[in-house]
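Heads up: the structure comes next, in structure tokens.
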Amino acid sequence: MAKGASGQASALHVQELRHCYKAEGHGKTVPVLKGVDLELFPGELGCLLGPSGCGKTTLLRSIAGFEQPDAGTIHVGGRAVFVGDQTGGHGRPELTLEPELRRVGMVFQDYALFPHLNIQDNITFGLRSLSPSQRQQKVKELAEALRLSPDLWQRFPHELSGGQQQRVALARALAPGPQLLLLDEPFSNLDPRLRAEMRGELKDMLKAWAVTALFVTHDQEEAFELSDKLGLMQDGKILQWGLPEELYRQPKALEVAQFFGEGFVLDAQVEASNGPTQSYQLCTEFGYVPHRPSEESRDLKVFVRPENWRWSETEFVGGVKVEILDRRFRGAFERLYFLSPQSQRLMYLDSPKGSAQKRIYLGLSEEWINIF
Amino acid sequence: MPATVEKKVPFKLRPLKYAFVFGLLVLLPLSVVILSWLQVDTELWRHLLEHQLGFLTLQTVSLAVGTLIWTGFLGVSLAALVAFTEFPGRRFLSWALLLPFALPAYVQAFVWVDLLDYSGLVPTFLRQSFGLDLVSWPSVRSLPGAWWALSLSFFIYVYLLTLGAFYSQGRRSLEVARSLGYSPWQGFWRVSLPLAKPWVGAGLLLVLMEVLSDYGTVALLGVDSLTVGIFRVWYGHFSLSTAAQLASLLTLVVFAIVVLESRLRQRQRFYEQKASGLAGSGAQFRSTRGLRLAAMIFSWTVFALAFVLPMGRLLWLGASVQDYHYAWASVFPVLLNTLVLGGLAAVLTALAAFFMVADLRLRGGGLRSSALRLGALGYALPGAVLAVGVFTPLVLLDKQIHSLLSGWFEGGGGLLLTGTLWAMLLGYFIRFLAIPLLSLGSASQNLPGRMDEAARSLGEAEGGLVRRLYWPLLKKGLLISLPLVVVDVMKEMPMTLMMRPTGWDTLSVRIFQLTSEGLWAEAAWPAVILSLSAVVPIYFFLRPLTRVGLRYG
């Protein structure tokens, strides 16, 4: 019943998920998920990136079954685990599987290890159906993969370092062989150096075990490094879900573009160009760019990143002359400051080779800009 | 180098240097009960060993075991229902279940005697309406009656601590267990409950402490516990030293409990985890109708039995008094006494605690911090032990003064200290110093030490630190402790009973006297005043503790 799965069966498919929190006391409701869609295929690592309070943790908890959304559907491994009320009212969902029946593992932000059990018992907690010797085997397997030396097995969680605790949490979640692993800000409790180390290790591990995983973070670097699929979440919605480079290079919304790094937004008007064929172009204060309009005569925005200006020290067709006000050496590049010719905004461009000129010529290149 | 610095300091708070002595006062009753063994009344001890001690111990142990089982059951099950299920009134009950705390155990006991004794309300009603005369009606004045009354007043210790544990640890770990394939019920037994053990244990130890130091309830219900034995030896055999020796046995047990409790608290620290992220919204058991109904009936029944019914009966009794003017006129002076005593004790302990904490910050050191910890131990001393421990040295001192003065003039001035307000205040001081000490101590620990260094580098001396930093920053904790001490003084019974000077009855003593003569209606007014004033600190200081987990719920 995996609706909408394209060809290959998806490992996780969330459709139109909506959820409100009931505020304390007065019967107000606060929407936290406003129609969320996402899809992950087996073995993929998905990442939800977004500022705190955007609803990403709620989404994770809904998938795990700790929150009951108001509407929408969730499929895990092709099996429906949640089907919301179809009638549209705030009735009971048509189907909701208890968390323990979903086969979804979760690694919590604070690990939530059981302090009264030693490491071995923590890891084998979810392996009730196995015989003691099978459990022992599983602990060995996981501990080896996660580099937890056997002398740690009899220790208790509070005797372990942060990194070790995280490995245990991961081992515990992986032990029962979940169809999907959820990770809630997995590295936020580690110091930065350890974070980078654990990140690589986690990725290798998940790939080696062919685990499908979805994790949330607010750290861009982490998201880019770990994810096969990336979603930018803001205010209860996923603005764009796709490959990481798609989000960076072909953002579908200005918010997405602005989230990933600095850039400047320019006003642009659509104009028909005078030529033999009917074509259009965008007019900005930095000249013209060809454009295939979907709607005519609409005011648009052009987004350009500081490293994506088309510029030269000599004049070129369509280039606009600007005065360099200041230059700063930034290591890998030099940052040149200038005022935009019409709006008189302070802007800059980043260039690896820099320039010693007082004036340069600036323009927009078709392939390096985004139009909204 | 330090010497020159010292000279430059313009104003040094010398008296403050000795503030730690307040904390050492607790050693007075302790050393008295221990030293009492230097002189043993063999005759009396033989009598005690032959006829009394075995029975007293047996009764005390059965009293403790029964109450612990009941409070454990009530406290844990209520905490679990409130933390993990959803039922009508859950939110309200989560804090309202603390209200029975307002009724001291001896009040709880007398209401139940009034209701269930042979001539009480319920049996009389059954006789008159249904002709049901239960000759073998189980008497409230019995061991099970004491279990009942004590459990209804003390289960709150277990409830409150366990609830906190469930909110902070249990819900979260239940989620983990569920993501690993456990049903809520299995997860509760395998994880949430075992995790809460240190807190349940700490709650039970507090209950045990209360049970051991209780006098009013057991005296009223005719259960011969160790405290009753101390009273009996004092008043029956007039042997202060033997009473002190019995008290030392009780103290030994109590201190064993204190040690155990602090052990558990260390365990709690390992179990505590940062509860970051959402603490789980709402109830974790998707409640079936049956569970919901059972949870509702059980919780509301306990609440009704422990608070609504006794409080209602008290109000009813109070309202049925014929002459309101007379009732008020007889209770007013007692209330005034209580407030004066409570107020004095509150102000004195608060100031002493402030000086101790300030001194500790200024000078540090092992002596001062152990004095602080010692001072907080006074709270664990049973009232009867304190009474014996403070009374004995004062009697000796009085005798010395008397013989000294007799040399100068006829009569020698009588007893100057024993049986005065000062003796009693000393008792209160030792017992209740813990309250401001704990509240100020934790407030002070939360202030960064660098703050003091910053002030010093800006040219402030000790006096300035106290005046411009400690006082404004710790004032709030100090003010909070005042009503807490007042209410505790109001509820305190055995020590006041033993030490009060003539004419200085407090509400609790008055209630005890009236109820031991079976004058229920007359006891109702002071009991109502006492209970209602005790509701105030519960609402303001204990209620917030139960709201922590509800914020997301």
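Looking at A:GLY105, A:GLY72, which one is part of a strand (DSSP E or B), within 23 Å of A:LEU214 (Cα to Cα) and at the interface with chain B (Cβ under 10 Å from one of its Cβ atoms)?
A:GLY105
Open to solvent by less than 30 Å² (accessible area, probe 1.4 Å) and within 12 Å of another protein chain (Cβ to nearest Cβ), is that true of A:GLY65?
Spelling it out, A:GLY65 is indeed open to solvent by less than 30 Å² (accessible area, probe 1.4 Å) and within 12 Å of another protein chain (Cβ to nearest Cβ).
So, A:SER188, is that one assigned to a loop (DSSP other than H, G, I, E, B), within 11 Å of chain B (Cβ to nearest Cβ), surrounded by fewer than 17 Cβ atoms within 10 Å (Cβ to Cβ) and touching a residue at least 60 places away in the same chain (Cβ under 8 Å) or not? Don't jump to the end; show me each part of the working.
Numbers: assigned to a loop (DSSP other than H, G, I, E, B): yes; within 11 Å of chain B (Cβ to nearest Cβ): yes; surrounded by fewer than 17 Cβ atoms within 10 Å (Cβ to Cβ): yes; touching a residue at least 60 places away in the same chain (Cβ under 8 Å): yes.
Criteria met by A:SER188.
What is the residue count in segment B:327-372 for residues that are crowded, with 22+ Cβ neighbours inside 10 Å and not in a helix (DSSP H, G or I)?
0
Which residue out of A:GLY72, A:GLY53 is closer than 30 Å to A:GLN258 by Cβ and without any contact (Cβ under 8 Å) to a residue 24 or more places away in the chain?
Of the residues listed, the single one that is closer than 30 Å to A:GLN258 by Cβ and without any contact (Cβ under 8 Å) to a residue 24 or more places away in the chain is A:GLY53.
Would you check which residues across segment A:337-354 are open to solvent by less than 10 Å² (accessible area, probe 1.4 Å), within 17 Å of A:PHE316 (Cβ to Cβ) and not aliphatic (A, V, I, L, M) and list them?
Within segment A:337-354, A:PHE338, A:SER351 qualify.
So in segment B:67-81, with the set limited to residues that are more than 17 Å from B:LEU195 (Cα to Cα) and aliphatic (A, V, I, L, M), which one is least open to solvent (accessible area, probe 1.4 Å)? Give the derivation first.
Step one: of segment B:67-81, the residues more than 17 Å from B:LEU195 (Cα to Cα) are B:67-71, B:74.
Now narrow it down to the ones that are aliphatic (A, V, I, L, M): B:68-69, B:74.
On the way: B:LEU68: 45, B:ILE69: 111, B:LEU74: 12 Å².
Among those residues, the one meeting the criterion is B:LEU74.
All but one of (1) touching a helix residue (DSSP H, G or I) at 6+ places or on another chain (Cβ under 7 Å); (2) not in a helix (DSSP H, G or I) hold for B:GLN322, so report the exception by its number.
Against the list (1) touching a helix residue (DSSP H, G or I) at 6+ places or on another chain (Cβ under 7 Å); (2) not in a helix (DSSP H, G or I), B:GLN322 comes up short only on (1).
For segment A:68-102, name all the residues that are surrounded by fewer than 21 Cβ atoms within 10 Å (Cβ to Cβ) and closer than 30 Å to A:GLU225 by Cβ.
Those that are surrounded by fewer than 21 Cβ atoms within 10 Å (Cβ to Cβ) and closer than 30 Å to A:GLU225 by Cβ: A:GLY77, A:GLY78.
In this structure, is B:VAL113 touching a Leu at 6+ places or on another chain (Cβ under 9 Å), open to solvent by less than 20 Å² (accessible area, probe 1.4 Å) and more than 14 Å from every other protein chain (Cβ to nearest Cβ)?
It is true that B:VAL113 is touching a Leu at 6+ places or on another chain (Cβ under 9 Å), open to solvent by less than 20 Å² (accessible area, probe 1.4 Å) and more than 14 Å from every other protein chain (Cβ to nearest Cβ).
Check every one of the helices (runs of 4 or more DSSP H) wholly within segment B:133-226 and list those with 2 or more residues that are within 14 Å of chain A (Cβ to nearest Cβ) and in contact with a Leu (Cβ under 7 Å, 6 or more places away or on another chain). Break it down into steps so the answer makes sense when it comes.
On the way: elements: B:143-165, B:171-179, B:184-187, B:193-213, B:216-221.
Fully inside segment B:133-226 and qualifying: B:184-187, B:193-213.
Looking at segment B:488-508, which of its residues are among the aliphatic types (A, V, I, L, M) and buried (at least 23 other Cβ atoms within 10 Å of the Cβ)?
Of everything in segment B:488-508, those that are among the aliphatic types (A, V, I, L, M) and buried (at least 23 other Cβ atoms within 10 Å of the Cβ) turn out to be B:VAL489, B:MET490, B:MET493, B:MET495, B:MET498, B:MET499, B:LEU507.
Per-residue answers, yes or no, for (1) more than 12 Å from B:LEU27 (Cβ to Cβ); (2) part of a helix (DSSP H, G or I); (3) open to solvent by 30 Å² or more (accessible area, probe 1.4 Å):
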site: B:LEU374; (1), (2), (3): no, yes, yes
site: B:TYR379; (1), (2), (3): yes, yes, yes
site: B:ALA384; (1), (2), (3): yes, yes, no
site: B:PHE391; (1), (2), (3): yes, yes, yes
site: B:LEU394; (1), (2), (3): yes, yes, no
site: B:LEU404; (1), (2), (3): yes, yes, yes
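For segment A:108-125, which residues satisfy the criterion of being within 7 Å of another protein chain (Cβ to nearest Cβ) and in contact with a Phe, Trp or Tyr (Cβ under 8 Å, 6 or more places away or on another chain)?
A:PHE114, A:PRO115, A:HIS116, A:PHE125
Show the residue pairs meeting these rules: Cβ distance below 9 Å; 6+ apart or different chains; first residue within segment A:302-324 and at positive phi; second residue assigned to a loop (DSSP other than H, G, I, E, B).
Correct list of pairs: A:GLY318/A:PHE286; A:GLY318/A:LEU364.
Only one of (1) modelled with pLDDT of 85 or more; (2) farther than 26 Å from B:GLY427 by Cα; (3) of a type outside the set (Lys, Arg) fails for B:VAL321. Which number is that?
Here B:VAL321 meets the rest and fails (1).
Residue check: is A:GLY331 modelled with pLDDT of 85 or more, part of a loop (DSSP other than H, G, I, E, B), out of contact with any helix residue (DSSP H, G or I) (no Cβ under 8 Å at 6 or more places or on another chain) and within 30 Å of A:GLU246 (Cα to Cα)?
Criteria met by A:GLY331.
Which numbered condition trips up A:GLN136, out of (1) away from every other protein chain (no Cβ under 14 Å); (2) within 30 Å of A:GLY162 (Cβ to Cβ); (3) open to solvent by less than 10 Å² (accessible area, probe 1.4 Å)?
(3)
Please state which of the following conditions A:SER129 fails to meet, knowing it meets all the rest: (1) touching a strand residue (DSSP E or B) at 6+ places or on another chain (Cβ under 7 Å); (2) farther than 16 Å from B:GLY170 by Cα; (3) within 11 Å of chain B (Cβ to nearest Cβ).
If we test A:SER129 against (1) touching a strand residue (DSSP E or B) at 6+ places or on another chain (Cβ under 7 Å); (2) farther than 16 Å from B:GLY170 by Cα; (3) within 11 Å of chain B (Cβ to nearest Cβ), just (1) comes out false.
Working carefully through the options B:TRP45, B:TRP95, find the one that is surrounded by fewer than 21 Cβ atoms within 10 Å (Cβ to Cβ) and either under 20 Å from the mean Cα position of the chain (by Cα) or under 20 Å from B:VAL535 (Cα atoms) (or both).
Going through B:TRP45, B:TRP95 in turn, the sole match is B:TRP95.
The values are calculated or read from the model by the stated rules, or taken from the named source; none is laboratory data. Being a predicted model, the structure only gives us computed values, none of them experimental. Positions of Cβ are backbone-derived with ideal geometry, glycine not excepted, and every protein chain shown enters the neighbour counts. The accessibility values were calculated without ligands, DNA or RNA, using every heavy atom of the protein model including side chains. Shrake-Rupley method; radii C 1.70, N 1.55, O 1.52, S 1.80 Å.
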